[in-house]
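Student: Structure below; questions to follow.
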Amino acid sequence: MRRDSRFLAPDYVRRIVPYRPGRPTDLLCSCSNLDELCLLASNENPYGSSARAIEAASTCLGKAHLYPDGGGYQLRTELAAALGVAPEAVALGNGSAELVDMLCKTFVTDGQCVVMSRYGFVQYRLSAQAVNAEIVDVAPFAGSMVDDLATMAETANARQARIVFIANPNNPTGTYVTREQLDGYFAAIDPRILTVIDQAYFEYAGEADYPDVVDDLKAGRNVVVLRTFSKIHGLAALRIGYGVGSPDLWAQLECVRLPFNTSAIAQVAGQAALADGAHVERCRRLNLEERTYLGAEFDRRGISYLPSIANFLMVDLHMPAKQTFEQLLQRGVLVRPLDGYGLSTCHRITVGTRVQNERLLMAIDRLSPVHDE
Ligand SMILES: Cc1ncc(COP(=O)(O)O)c(C=O)c1O
């Protein structure tokens, strides 16, 4: 019997538009000196990893022939102690993105509804599409671009959604929902619906009304909190993130988790990073200084951007993003155009070091006018 010339995935898989990383491979190949590029496209930490994490990871390489502890016992225990929860309330992922994926795989099936923000982190959509979910995205408040939690709760209740994904702060807008808004949401949402609150940028947020969602979990709300070592801890390459949620929920997730989903190197680096509060504090302070600096410089130039509590800013250059992206790249600055979201003149720009930010501003100042094609 002859094999079909094309072995096809189901329609719902073929409809997925694969994730486009902020640093295309061809760019990596053509640019021999990456250090010369200002990497402002992926919200990485421009100050790097904690030296203690690098040392722990390097030492661990000597045991590269051994499988890791698949359950990540030590890191989970240390995270649990830091958060004031039981170790069984913590799950590890190959980046927090993998936890998004596993949550969809475990709890959502054909045609069930998943609710998210229209301009939310793209992984929610990809993972929901991969399990053939019905995706309902809710527009944020016009102007402020803050997530409209009341409408999200109403929509989720009406559709009997399985999961609501909320990023706080949100990527790509940098906006956040407050403790008061979140309390209103939990008062309205059907408690049978799981709410996943992604706090990938938690450590950057210093605002008094910014909610720590682990408190909601402790209060018995049906919520999972996602956090990561990829951002302020500067370990994006090692792929390690974690979720905090009910042990019963994680026990079910075990059914779909690959046995060794996080590496030994990532686990020990995570432990060391967690213990290095000084590195986190320094990165938080520098990010705040540089975000304020960039904001002031944008104001001076009349460039519009959204107020952000994270390590990136959503900036509207009022010219087609595809072309401004190319022009900035020619000057060695890599940013993330948001035309894929329908935000055709906007970019998401990571807050860099002062040197990087000055290069960005210089490149913006030299943009030549472009028009819609
Ligand atoms: C809101 C949000 N969640 C999750 C992630 C993914 O993080 P990780 O590297 O842990 O998979 C990102 C990365 O950009 C993000 O912006």
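The values are calculated or read from the model by the stated rules, or taken from the named source; none is laboratory data. All values reported here derive from a predicted model rather than from experimental measurement. All Cβ positions, even for glycine, are placed from backbone atoms using ideal geometry, and neighbour counts span all protein chains on display. Each accessible area value is taken on the protein alone, full model and side chains, heavy atoms only, with ligands, DNA and RNA left out. Shrake-Rupley method; radii C 1.70, N 1.55, O 1.52, S 1.80 Å.
Student: Between beta-carbons, use under 12 Å as the cut-off and find the net charge around Ser368, counting Lys and Arg +1, Asp and Glu -1.
Tutor: 0
Student: Enter the accessible area of Ile232 (Å², nearest 10), with the probe set to 1.4 Å and all protein chains included.
Tutor: The accessible area of Ile232 comes to roughly 0 Å².
Student: Provide Rg and Dmax in Å for region 281-329, with only Cα atoms included in the calculation.
Tutor: Over region 281-329's Cα set, Rg and Dmax evaluate to 12.4, 37 Å.
Student: Next question, about the same structure. With a sphere of radius 11 Å drawn around the Cβ of Met116, what net charge do the other residues whose Cβ falls strictly inside it have (Lys, Arg +1; Asp, Glu -1)?
Tutor: Net charge in that neighbourhood comes out at -1.
Student: Another one. Hey, what did the chain get for relative contact order, percent, Cα under 8 Å, at least 6 apart?
Tutor: Here the relative contact order equals 23 percent.
Student: How high is the FRET efficiency from Arg282 to Asp339, r the C-beta distance, R0 45 Å, rounded to 0.05?
Tutor: Rounded to the nearest 0.05, the efficiency is 0.85.
Student: Still on this structure, please answer the following. Convex hull volume of the Cα atoms in region 111-173, per residue, in Å³?
Tutor: 65
Student: Which ³J(HN,Hα) values in Hz, rounded to whole numbers, follow from the phi angles of region 173-188 under the Karplus curve 6.51 cos²θ - 1.76 cosθ + 1.60, where θ = phi - 60° and Gly and Pro get x?
Tutor: Karplus values, whole Hz, x for Gly and Pro: 7, x, 7, 9, 9, 8, 4, 5, 5, 5, 4, x, 4, 5, 5, 9.
Student: Another question, then. Would you mind computing, in nm to one decimal, how far apart the modelled labels at Arg354 and Arg179 are, each placed 7 Å from Cα along Cα→Cβ?
Tutor: In this crude label model, Arg354 to Arg179 measures out at 3.5 nm.
Student: In region 51-276, what percent of the accessible surface is made up of carbon and sulfur (1.4 Å probe, ligands and nucleic acids excluded)?
Tutor: 54
Student: Taking all pairs of distinct Cα atoms, average 1/r, flip it, and tell me the Kirkwood hydrodynamic radius of region 240-373 in Å to one decimal place.
Tutor: Answer for region 240-373: a Kirkwood hydrodynamic radius of 17.7 Å.
Student: In the chain, what % of DSSP beta bridges are antiparallel (nearest 5)?
Tutor: The antiparallel proportion sits near 50 percent.
Student: Let me ask something additional. Could you let me know the centre-to-centre spacing of region 299-344 and region 169-210, using Cα atoms, in angstrom?
Tutor: Here the answer is 25 Å between Cα centres.
Student: What is the calculated FRET efficiency for Tyr47 to Glu254, with r their C-beta to C-beta distance and R₀ = 45 Å, to the nearest 0.05?
Tutor: It comes out at approximately 0.80.
Student: Can I ask one more? Is the shape of the chain best called rounded, prolate or oblate, per the rule: a/c under 1.5 gives rounded, else a/b larger than b/c gives prolate, else oblate, with a ≥ b ≥ c the square roots of the Cα gyration tensor eigenvalues?
Tutor: Verdict is rounded for the chain.
Student: Something else about it: Write down the accessible area per residue of the chain in Å², having rolled a 1.4 Å probe over the full set of protein chains.
Tutor: Accessible surface, normalised per residue, equals 47 Å².
Student: Give me Rg/Rg_expected for region 107-248, where Rg uses Cα atoms only and Rg_expected = 2.2 N^0.38 Å with N residues.
Tutor: Dividing the Cα radius of gyration by 2.2 N^0.38 Å gives 0.99.
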